[in-house]
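Working notes for the structure below.
The values are calculated or read from the model by the stated rules, or taken from the named source; none is laboratory data. Everything numeric in this text was worked out from a predicted model, so none of it was measured. Cβ atoms come from the backbone with ideal geometry, glycine included; neighbour counts cover every protein chain shown. Calculation scope for accessible area: heavy atoms of the full protein, side chains included, ligands and nucleic acids excluded. Shrake-Rupley method; radii C 1.70, N 1.55, O 1.52, S 1.80 Å.
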Amino acid sequence: MQPLQRLRLAAVNIDGVLLSDTFSPVIHRFVTSRGGRYDAAVEREIFSQSQMTAATALGAAAGVTWPPEQVLKTYFEERAEYLAGNPLHVLDGAVDLLLLLRRLGLSVVCYGGLEKTHFDRYLGERASLFDGPKYICTNDFRPGIREIAVEAFGLGFDQAVFIDDVARVAEAAKALGVPFIGHPSSFEHGFQAQLMRAAGVRHLVRSLPEIDEALLCMVDAEAAAGRVWTG
């Protein structure tokens, strides 16, 4: 296994990458059950936003006039109902991916929009596979690329690869020249794969095992050559 040239950190999103996607189905049902139209624009306005911003957009998409606090409360109630029949779980290949990232010499950190208690509950037993703060809540500074790579780990933008399921994060990564691997949800009514392609994401995977040593070395070589988004 050859040492990587440029990458030093892998920042891995929690929900939709390491854990199953329990947000898309609930957001879709929240909107459509109230007569709203669910499309790519709706996902773009809601996904990887702060909770209050997302709640405002979610209420508008659903056609309700509630304050965002009430939208958020109702959303989490409906998510709890969904989870009762669709338990959240660690995705196949997630642990193997974390082990591979570490074998390649990368520091690894997890991030997402929920509080750290979410990480502790579902990934606490695997906390030793993560570095630094282990988990960074990005709710107050979405999408959090600068805060994670530069502020938390003191790295250059091209030294951290982000693995995420949301195109908004990909767009931010592109603007900053940050390596990115997209793992969009397989939710049948979702638009993230389409939005990622439109954003120019070059490394798009359907399952975590596709993020193998060869792909990571390719991303590293692109970063070393200054061709992260151009190949």
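Could you count how many residues in the range 203-231 are aliphatic (A, V, I, L, M) and free of Cβ contacts under 8 Å to residues at least 40 places away in the same chain? If you could, list the steps in order and put the result at the bottom.
From the range 203-231, those aliphatic (A, V, I, L, M) are 204-205, 208, 211, 214-216, 218-219, 221, 223-225, 228; that's our starting set.
Checking which are free of Cβ contacts under 8 Å to residues at least 40 places away in the same chain leaves us with 204-205, 214-215, 218, 225.
So the count comes out to 6.
Pairing residues of the range 147-164 that are among the β-branched types (Val, Ile, Thr) and open to solvent by less than 10 Å² (accessible area, probe 1.4 Å) with residues that are assigned to a helix (DSSP H, G or I) and at pLDDT below 95, at Cβ distances under 6 Å and at least 6 apart in sequence or on separate chains, gives no pairs at all.
Give the residues of the range 94-120 that are assigned to a loop (DSSP other than H, G, I, E, B) and open to solvent by less than 40 Å² (accessible area, probe 1.4 Å), sorted by residue number.
In the first step, residues of the range 94-120 are kept if they are assigned to a loop (DSSP other than H, G, I, E, B); the result is 104-106, 113-115.
Leu104, Leu106, Gly113, Leu114, listed by residue number.
Is there a residue being open to solvent by 10 Å² or more (accessible area, probe 1.4 Å) and touching a strand residue (DSSP E or B) at 6+ places or on another chain (Cβ under 7 Å) anywhere in the range 21-44? Yes; the residues of the range 21-44 include at least one that is open to solvent by 10 Å² or more (accessible area, probe 1.4 Å) and touching a strand residue (DSSP E or B) at 6+ places or on another chain (Cβ under 7 Å). Evaluating Pro133 against the criteria (1) in a loop (DSSP other than H, G, I, E, B); (2) open to solvent by 10 Å² or more (accessible area, probe 1.4 Å); (3) farther than 15 Å from Ile14 by Cα leaves one unmet condition, (3). The C-beta contact set for the range 174-202 (first residue free of Cβ contacts under 8 Å to residues at least 12 places away in the same chain, second residue open to solvent by 30 Å² or more (accessible area, probe 1.4 Å), distance under 8 angstrom, 6+ apart or interchain) comprises Ala193/Leu204; Arg197/Leu204. Only residues that are under 19 Å from the mean Cα position of the chain (by Cα), in a helix (DSSP H, G or I), polar (S, T, N, Q) and crowded, with 17+ Cβ neighbours inside 10 Å were counted across the range 45-87, and they come to 1. Of the residues making up the range 138-162, those that are closer than 19 Å to Gly16 by Cα and of a type in the set (Val, Ile, Thr) are Thr138, Ile145, Ile148, Val161.
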